[in-house]
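Here the structure is laid out as structure tokens; the discussion comes afterwards.
The values are calculated or read from the model by the stated rules, or taken from the named source; none is laboratory data. Model, not experiment: these values are computed from the prediction. Note: ideal-geometry Cβ built from the backbone for every residue, glycine included; neighbour counts use all protein chains shown. The area values use the complete protein model at the heavy-atom level, side chains included, leaving out ligands, DNA and RNA. Shrake-Rupley method; radii C 1.70, N 1.55, O 1.52, S 1.80 Å.
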Amino acid sequence: MDEKKKYLSASGYSLRGSNYSINIPQDGIINPGYRGSSEFMLDEEEPKSTTEQIKEIPSKLKKKAQNAFRKKNIYKRIPIFNWLPKYSKEDAIGDVIAGITVGLTVIPQALAYAGIAHLPAAYGLYGSFLGCFIYIFLGSCKDVPMGPTAIQSLATKGSWQKAVILCFLTGCIELLMGIFGLGFLIDFVSGPVSSGFTSAVALIIFTSQVKDIFGIESSGGTFVQMWRSIAENMHAVRIGDTIMGLSCIVVLLLMREIPRKWKFHHLNFANGNKLFQLLPNIKIGPKNDDEKNAFHKIINKTLWLVGTARNAIIVVIGGAIAAYFYNKGNTDLLIMIGEIPAGLPSFQIPPFSIPAVVNETTGEIIEEGLNFMDLISELGSGLVVIPLIALLENIAICKAFANGKTVDATQELIAIGTANIANSFVQGYPGTGALSRGAVNNASGVRTPMGSLYTGILVILSLLFFTPYFFYIPKAGLAGIIIAAVIFMVEVRVVKPMWRSKKTDLIPGLAAFIACLVLPLEIGILVGIGLNILFILYHASRPKIHMEKAITPNKGIKYLLLTPDRCLIFPSVDYVRNLINKQGLRTQVPVVIDCTHIYGADFTAAKVVETLVKDFNTRRQPIIFFNLKPSVCGVFEGVSLDFKLYYDYEALELAIEELNIIGSQNSLHPQINRIATAESA
């Protein structure tokens with residue numbers, strides 16, 4: 001006989017909060033703990049009353065507060081303390097190169113993203129430096145460059161006051177989510193929903209820039225509305241802007257990707273299996289770096305820099321062309337972004353209200369003012385969705401370059417929340433880490449979050465010294481930069497593997513994609529998440545139950561062994577009860593519920609199980625629970641459920657034979673003395 005299935009003689013050791021007993025060896029020696037599904041602790045202490053538990057709350061809070069200021073927690077929540085003492089000269093060199101390279105990417109992107117948010121170009125730069133400095137202290141990922149992103153910009157619409165107060169409130173919500181450990185909320189956004197949302201956003205951003213490519217006016221808040229407006233205004237297409245915009249897109253794509261069929265002497269691609277290769281990955285010369293001469297190294301570095309800083313190069317060239325024609329008198333050839341205030345933004349409290357716009361001559365109110373509550377009402381669901389989107393973007397970067405390390409979503413919420421709060425005091429709008437900038441940061445050899453210092457400094461220098469030159473940057477050129485970036489965000493490649501693995505996953509992804517195109521963005525992603533949760537709830541409400549007919553070895557008594565595959569919660573219990581009752585009525589034999597996989601239950605489940613037990617007792621049919629976890633036992637005991645529980649196969653089969661004899665004599669009573677045995681460790 002297996003030593004793990006000893007049949008133990010009766011002894012009266014009571015479980016806390018229970019009126020049934022568990023047998024222990026006659027020598028009184030209890031093995032140290034029970035393993036697996038039968039694990040529980042024996043405790044002779046009486047449970048504390050609610051009043052006693054309430055009195056203990058202040059001391060528990062005090063203890064938590066003391067733990068919060070322990071060195072371990074401080075180092076965890078202020079990550080700079082971990083890496084700064086080990087900072088080296090090599091780290092500094094890598095961070096300087098990466099920071100400047102990312103800065104060359106951030107500046108044109110920030111100017112372009114402000115247009116997506118319907119804000120003056122300067123506000124993109126305002127949100128691109130202070131958050132970088134904050135992230136150095138609180139960020140846990142070296143590859144995250146804080147700043148505006150395409151998705152965040154699309155979700156930020158309205159006046160600059162609304163954008164700034166949205167930045168402040170978004171930061172507060174993100175910080176509170178981090179403090180209360182709500183980083184797990186990202187788990188409710190599945191991969192298909194995230195892909196559908198990202199693809200829809202890419203198409204919406206693409207559509208929002210078409211008007212600047214053609215130099216026309218358009219309106220509308222959704223994908224369909226914008227295209228309808230574009231179609232109505234296509235008669236006003238401007239030739240100069242169209243040529244500039246399309247040329248920028250073509251050049252950027254050529255600088256980004258080189259077709260594999262193009263042949264060059266001594267050309268070595270980083271990954272020959274891909275159809276297209278990134279320009280920075282093109283290598284000239286021998287494959288072995290030690291065999292390359294100075295010429296090869298200079299060319300490779302130049303190609304890498306050109307491919308990485310392509311956005312800045314396009315802005316400079318486009319601005320030079322626009323300035324040439326503008327100074328020659330062709331002021332209407334290209335639409336330019338215009339004046340940008342020189343200098344840094346003033347440090348001030350975010351606007352918690354918007355004053356009314358009044359005609360100074362007549363005193364007539366042109367636009368009604370808004371108080372704080374009006375602003376909250378207008379921002380609406382964006383206050384929930386934008387922080388979630390920010391977390392999604394940020395965690396995507398962290399996971400992409402984690403190299404096997406764990407990602408602390410809670411710490412990232414604290415970091416980006418604090419950064420957004422700080423940005424709101426310098427008129428920035430909501431931002432987070434961008435995957436495109438993160439890829440540049442990683443490829444540039446960033447070593448620590450200190451790289452963000454040099455990115456922020458470069459943005460500050462541009463605000464102090466280069467804003468007069470930003471006047472000449474053509475809007476069509478910025479639109480081309482955005483379009484060349486977002487077309488790669490459409491995640492068509494995930495459809496085929498998703499179809500092969502699980503076709504139903506396409507439904508919430510497709511729903512999120514369509515809803516984001518037809519409805520406002522924040523409503524669209526909520527539709528996708530809601531549908532995904534419905535799928536989860538349906539799956540939870542229909543647990544699979546393995547049914548097996550068994551016979552006791554001694555007397556050959558038939559019984560039915562039912563094994564549910566998951567926990568019992570309110571959506572599933574009626575389904576489980578009906579199925580068990582149906583099988584019980586059909587077989588008319590003792591029924592054993594193997595609870596090995598039931599790791600949780602709730603009050604509703606306990607009440608339904610109580611009814612199930614009564615149903616079986618009414619028709620004198622034994623029902624027995626096997627291997628029930630102590631936590632579930634506690635839930636059942638809360639409703640004074642009277643049930644039979646066993647942890648040992650031999651005792652279970654003996655009880656089935658005994659109960660079957662009693663049942664055949666028609667003397668089975670609903671209230672049966674509970675007998676249990678425990679499996680030895």
Being exposed (fewer than 15 other Cβ atoms within 10 Å of the Cβ) and touching a helix residue (DSSP H, G or I) at 6+ places or on another chain (Cβ under 8 Å) narrows TYR649, TYR599 down to just TYR599
Taking first residues from the stretch 119-146 that are closer than 15 Å to GLY433 by Cβ and second residues anywhere that are open to solvent by 10 Å² or more (accessible area, probe 1.4 Å) and of a type in the set (Phe, Trp, Tyr), the pairs with Cβ under 7 Å that are 6 or more apart or on different chains are ASP143/PHE401
Per the filter on the stretch 84-95, residues surrounded by fewer than 16 Cβ atoms within 10 Å (Cβ to Cβ) and part of a helix (DSSP H, G or I) are LEU84, PRO85, LYS86, LYS89, GLU90, ALA92, ILE93
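Quick grid of which residues meet (1) open to solvent by less than 10 Å² (accessible area, probe 1.4 Å); (2) closer than 30 Å to ILE80 by Cβ:
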position: TYR126; (1), (2): no, yes
position: ALA163; (1), (2): yes, yes
position: THR170; (1), (2): yes, yes
position: LEU176; (1), (2): no, yes
position: THR207; (1), (2): yes, no
ask   = Are any of the residues in the stretch 361-384 closer than 23 Å to LEU130 by Cβ, touching a Pro at 6+ places or on another chain (Cβ under 6 Å) and surrounded by 19 or more Cβ atoms within 10 Å (Cβ to Cβ)?
value = no
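Listed here are the residues, each with its yes/no results for (1) hydrophobic (A, V, I, L, M, F, W, C); (2) part of a helix (DSSP H, G or I); (3) under 25 Å from the mean Cα position of the chain (by Cα); (4) assigned by TED's automatic domain parsing to the domain that holds LEU166.
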residue	(1), (2), (3), (4)
THR362	no, no, no, yes
MET373	yes, yes, no, yes
ILE376	yes, yes, yes, yes
VAL384	yes, yes, yes, yes
ALA396	yes, yes, yes, yes
Over the stretch 310-322, the set of residues buried (at least 22 other Cβ atoms within 10 Å of the Cβ) and among the aliphatic types (A, V, I, L, M) is ILE314, VAL315, ALA322
From the option list ILE249, ILE230, ILE216, single residue qualifying as in contact (Cβ under 8 Å) with a residue 60 or more places away in the chain and crowded, with 18+ Cβ neighbours inside 10 Å is ILE249
Within the stretch 469-495, restricting to residues that are under 13 Å from SER195 (Cβ atoms) and not hydrophobic (A, V, I, L, M, F, W, C), the one that is most open to solvent (accessible area, probe 1.4 Å) is ARG493
Per the filter on the stretch 560-586, residues open to solvent by 10 Å² or more (accessible area, probe 1.4 Å) and part of a strand (DSSP E or B) are LEU561, THR563, LEU568
**Message:** Yes or no: the stretch 634-646 includes at least one residue that is in a strand (DSSP E or B) and either assigned by TED's automatic domain parsing to the domain that holds LEU562 or open to solvent by 50 Å² or more (accessible area, probe 1.4 Å) (or both).
**Reply:** yes
By residue number, the members of the stretch 383-409 that are closer than 13 Å to SER140 by Cα and free of Cβ contacts under 8 Å to residues at least 40 places away in the same chain are LYS399, LYS405, THR406
In the set GLY369, GLY363, the lone residue that is at positive phi and modelled with pLDDT under 85 is GLY363
Checked the stretch 520-542 for anything free of Cβ contacts under 8 Å to residues at least 12 places away in the same chain and open to solvent by less than 50 Å² (accessible area, probe 1.4 Å); matches are GLY530
Checked the stretch 587-603 for anything in a helix (DSSP H, G or I) and either in contact with a strand residue (DSSP E or B) (Cβ under 9 Å, 6 or more places away or on another chain) or not assigned by TED's automatic domain parsing to the domain that holds PHE626 (or both); matches are THR587
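Table: residues versus (1) among the hydroxyl-bearing types (Ser, Thr, Tyr); (2) under 19 Å from ASP602 (Cα atoms); (3) modelled with pLDDT of 85 or more.
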| residue | (1), (2), (3) |
| --- | --- |
| LEU534 | no, no, yes |
| HIS539 | no, yes, no |
| GLU548 | no, no, yes |
| THR563 | yes, yes, yes |
| VAL573 | no, yes, no |
By residue number, the members of the stretch 398-428 that are buried (at least 20 other Cβ atoms within 10 Å of the Cβ) and of a type in the set (Asp, Glu) are GLU412
Expected single match for over 38 Å from the mean Cα position of the chain (by Cα), farther than 20 Å from CYS167 by Cα and assigned by TED's automatic domain parsing to the domain that holds TYR113 among ASN300, ASN330 is ASN330
Among helices (runs of 4 or more DSSP H) completely within the stretch 170-258, the ones holding 2 or more residues that are modelled with pLDDT under 85 and of a type in the set (Gly, Ala, Ser) are 191-214
Scanning the stretch 74-83 residue by residue, those free of Cβ contacts under 8 Å to residues at least 60 places away in the same chain and either closer than 15 Å to GLY139 by Cβ or surrounded by 12 or more Cβ atoms within 10 Å (Cβ to Cβ) (or both) turn out to be TYR75, PHE81, ASN82
Considering the stretch 438-468, residues that are part of a helix (DSSP H, G or I), open to solvent by 10 Å² or more (accessible area, probe 1.4 Å) and closer than 19 Å to ILE397 by Cα, and then whichever is modelled with the lowest pLDDT, we arrive at ALA443
